[in-house]
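What follows is a short report on a single structure.
The values are calculated or read from the model by the stated rules, or taken from the named source; none is laboratory data. Here the structure is a predicted model, which is why all the values come from computation and not from measurement. Side chains included, ligands, DNA and RNA excluded: accessible areas come from the protein's heavy atoms. Shrake-Rupley method; radii C 1.70, N 1.55, O 1.52, S 1.80 Å.
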Amino acid sequence: MMLQKLQSSTVVSLSQTVSYHRHNHHQIVISLSGQSEFGIDGVTSLVYPGLGCFVMANCDHTFVGVGDNELLVINLPLVFTDNNQMEQRITQLFSRSGYFNLDNQSQRLIQLLSLEMKASPDDELLQQACAMTLLCVLHRHFKIPPRDKQSQRIDIDIIDNYIERNIHHKISVSQLAAIAFLSESQFYALFKSQIGFTPQRYILQKRLQLAKQLLQESQLTLADIAQICGFASQSSFSQAFRRLCGISPARYQHSFYNTVIIFD
């Protein structure tokens, strides 16, 4: 294993066959296009443009492509014998395995650097320089100034974006915690304190908000709406809707259309 420099960086496409392994180096994976699914430390999540993951050395993980996809993969040594500053940055980034969300500025820079790497795949110096730049960008992106636990807040915009893009799938608290880069217990306590109710209730409300919109604006069947909104079945959708909205989805849809007809 080379200790003085980044081991390798490359743009890859994952096959649609689930693979499972571990490796003795840290790894950063960033989605460039399409979707992939990773399972890291028992947390499974879709990874698409704007998302990525840190995979610590010797961490068991699974991965599979979902249709056409491209990812940037950066493999990192555990020790930089000639660069203490870079070693410190890697140590800070890899405090734990998990998923992360990127801001628009970081996404644009990563896309541009990845294009350069794809254009000259045999230029080792260019690959090293681009990967080193990306590492510095990520370190800047995740550098959080010290603050009291009482003042710590979750970026709800990141949570909302993840829920919106994955609302037709099952979404767990552990997935949201990984996106926020917190442990599940930390995330749960902080989220409930900040929002006023549990993450599960928040996800359910988002599903029902979308369901209401579809009931008002489309002629989809209740079964289709249940599937689009991520409910396990039409029955579970109807039960949740009635419990939180005080009316069945069928009656809600019917009353809305009656209102429209009256105003016509």
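Go through the residues of segment 156-172 one by one and say whether even a single one is at pLDDT below 75 and of a type in the set (A, V, I, L, M, F, W, C). Taking every residue of segment 156-172 in turn, none turns out to be at pLDDT below 75 and of a type in the set (A, V, I, L, M, F, W, C).
Listed by position, the strands (runs of 3 or more DSSP E) contained in segment 32-144 that have at least 1 residues being open to solvent by less than 40 Å² (accessible area, probe 1.4 Å), at pLDDT 90 or above and on the phi < 0 side of the Ramachandran plot are 51-55, 61-76. The helices (runs of 4 or more DSSP H) found entirely in segment 170-264 that carry 3 or more residues being open to solvent by 30 Å² or more (accessible area, probe 1.4 Å) are 184-195, 199-217, 222-228, 234-245, 249-263.
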